[in-house]
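Remarks on the structure that follows.
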Amino acid sequence: MNIPRTSYPRVVIIGGGFAGIALAKKLSKQEVQVVLLDKHNYHTFQPLLYQVSTGGLEPDSIAYPIRKILKDFPNFYFRLAHVQEINTQKNKLKTDIGNLKFDYLVVASGSQTNYFGHSEIEKYSMAMKTIPQSLNLRSLILENFEEALLTSDLNERNALMNFVIVGGGPTGVELAGALAEIKKGILPKDYPDLDTRMAQIHIIQAGDCILKGMSSKASEKAEEFLEKLGVNIWKNIRVTNYDGNMVTTNSDLTFETATLIWAAGVKGSIIKGVDGEALVTRGNRLLVNEFNQVKGFNHVFAIGDVAAMVTADRPNGFPMMAQPAIQQGEQLGNNLLRIIEGKPMKPFTYKDKGAMATIGRNKAVVDLKRFKFQGIFAWYVWMFVHLFFLIGFRNRMVVFVNWVYNYIRFDREARLIIRPFKRKS
Ligand SMILES: Cc1cc2nc3c(=O)[nH]c(=O)nc-3n(C[C@H](O)[C@H](O)[C@H](O)COP(=O)(O)OP(=O)(O)OC[C@H]3O[C@@H](n4cnc5c(N)ncnc54)[C@H](O)[C@@H]3O)c2cc1C
């Protein structure tokens with residue numbers, strides 16, 4: 001990999017997501033050599049992926065080059081590499097560009113879509129976990145309307161204009177809201193010769209409420225907002241299969257659709273070598289102690305979505321969200337420096353900064369520790385927080401300008417089929 005050996009200890013970080021970047025920043029300008037490996041050369045701001053899928057933002061505005069984030073840090077190396085295996089005995093990694101030795105290893109590889117073993121659903125549904133997947137979804141949505149315009153078969157046309165989202169968490173809710181706004185504000189203008197009133201948006205939720213992790217007020221209000229926008233919410237229903245055309249459920253309900261979006265869950269992206277049964281817990285996450293050390297190791301750590309810090313208060317670990325990932329990255333940075341200085345590590349404590357979701361124009365729900373509010377003010381808060389956490393001044397400006405433009409013009413100009421999506425057969 002062409003990385004020199006120095007007298008400094010080498011910390012290898014797998015993953016340049018929220019957790020990996022927060023850790024790398026903490027270790028900058030310190031007496032350690034940091035090697036960050038990621039299979040992408042950019043950091044993805046996943047909370048805004050749904051806006052790429054629905055043409056509200058260009059993909060470039062929610063991605064940022066990892067090299068640029070860390071360009072001023074001495075002793076820092078980035079390599080575009082897919083890590084394939086970890087050898088904890090020899091302190092060595094195997095990647096698609098070669099092997100690398102480490103003194104300390106931090107697994108910050110995030111999570112991936114969890115299909116809970118439904119292979120047909122995995123084959124035919126659309127996921128929204130990466131930028132390429134969001135671009136696929138954007139293309140498919142637009143291609144469906146182009147096809148709907150051409151077919152004279154009414155069933156086929158309806159199926160092309162039916163969007164079924166599985167999962168009523170923030171991703172499902174935000175996507176449904178955006179699709180409903182497209183139906184209302186954009187489709188009638190773009191397709192005047194198609195009866196776009198027939199387009200339907202459904203959310204199927206296995207539990208008895210949407211936005212389960214938030215307050216009951218937020219959940220109820222989000223449901224009210226979505227219903228006003230014309231989204232159909234089906235609760236206490238589990239999707240059992242999808243063959244590319246028909247969604248079947250554990251009830252009599254079926255849905256004919258050309259687009260099933262799977263937002264029903266994620267699981268940790270664990271890597272071979274640190275995947276033994278004793279190490280992996282619920283959600284395919286690595287069991288870590290309060291210092292983020294992977295169970296049984298002193299020099300192998302895990303942070304962010306891939307790590308399950310199970311405590312008496314949190315039997316399922318911290319939620320797979322940006323804040324726990326950032327805070328664990330920062331804390332581990334401090335702890336690694338403490339180890340190197342021969343000091344004891346400090347346990348991780350989480351500062352809960354709340355949760356929020358937007359449903360659409362002027363509509364959001366926000367749960368802070370002390371205050372819970374919904375509606376237009378919540379929407380401003382949602383926008384401010386997302387702009388604040390986006391990496392890079394240019395990205396913040398571009399997103400802000402796009403949002404203002406979209407708000408004033410009721411528009412989403414990135415509705416482009418740049419890379420047509422070909423469905424798997
Ligand atoms: C659509 C969507 C919306 C979301 N909305 C919100 C929200 O509103 N608020 C919120 O708090 N959270 C939200 N989240 C969750 C949040 O994005 C994650 O919790 C957060 O990204 C976790 O950070 P991480 O660093 O653990 O992992 P990630 O950010 O996923 O980063 C992992 C990195 O590891 C790399 N990687 C993985 N495996 C390998 C490998 N083998 N070799 C090399 N590199 C590898 C990946 O390329 C990636 O860059 C959302 C997630 C999604 C998908």
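Every read-out reported here was derived from the displayed coordinates using simple, explicitly stated rules and does not represent laboratory data. It should be emphasised that the depicted structure is a prediction, and the values quoted were computed from it without experimental measurement. With ideal geometry, Cβ positions are generated from the backbone for all residues, glycine too; neighbour counts draw on all protein chains shown.
Assorted remarks:
- Nonlocal amide H pairs with residue 310, under 5 Å, H built at 1.01 Å: 288
- Relative to the longest principal axis of the Cα atoms of the chain, helix 170-185 runs at roughly 40 degrees.
- Exposure proxy for 139, 111: other Cβ atoms within 10 Å of each Cβ, ordered fewest to most, give 139, 111.
- Global geometry of the stretch 141-247, whether rounded, prolate or oblate, following the gyration tensor of its Cα atoms and the 1.5 cut on a/c: oblate
- Convex hull per residue volume in Å³, alpha carbons only, for the chain: 148
- Selection among 141, 356, 124 by position relative to the dipole of the chain gives 356 as farthest towards the positive end (Cβ unit charges, Cα centre).
- Only Cα pairs under 8 Å and 6+ residues apart enter the sum, and on that basis the relative contact order of the chain stands at 20 percent.
- Extending 7 Å from the Cα toward the beta-carbon at both residue 197 and residue 212 defines two label points whose distance is 3.7 nm.
- Plainly put, the stretch 271-338 has a radius of gyration that is 0.94 times its Kirkwood radius, both from alpha-carbon atoms, as the Rg/Rh ratio.
- Phi-based couplings in Hz for the stretch 232-241 (Karplus 6.51, -1.76, 1.60; Gly and Pro marked x): 8, 10, 10, 9, 6, 10, 10, 6, 9, 6
- Once backbone amide H atoms are built at 1.01 Å from N, residue 238 has 250, 251 as its partners under 5 Å, excluding neighbours fewer than 5 places away on the same chain.
- By the rule of a C-alpha distance below 17 Å, with chain neighbours fewer than 8 residues away ignored, the aspartates and glutamates paired with residue 26 are 72, 330, 341.
- Student exercise, the stretch 331-425 dipole from Lys, Arg, Asp, Glu Cβ charges, in Debye to nearest 20: 320
- Cα gyration tensor shape of the stretch 6-130, rounded if a/c is under 1.5, else prolate or oblate by comparing a/b with b/c: oblate
- Each stretch of four or more DSSP H residues adds -39500 (n - 2.57); spread over every residue of the chain, this sum gives -9500 deg cm²/dmol at 222 nm.
- Rounded to the nearest 20 debye, the dipole size of the stretch 1-128 about its Cα centre is 600 debye, using +1 on the Cβ of Lys and Arg and -1 on the Cβ of Asp and Glu.
- The chain: angle of helix 393-409 to the longest principal axis, Cα-based, in degrees nearest 10: 10
- Between residue 368 and residue 80, the distance separating the two model label sites (each 7 Å from Cα on the Cα→Cβ line) works out to 4.2 nm.
- The chain - charge dipole about Cα centre, Lys and Arg +1 at Cβ, Asp and Glu -1, debye rounded to 20: 1640
- When 106, 239 are sorted by how many other C-beta atoms sit within 10 angstrom of their C-beta, beginning with the fewest, the order is 239, 106.
- Counting only lysines at least 8 places from residue 272 when in the same chain, those with an alpha carbon closer than 23 Å to its own are 39, 90, 92, 94, 101, 129, 295.
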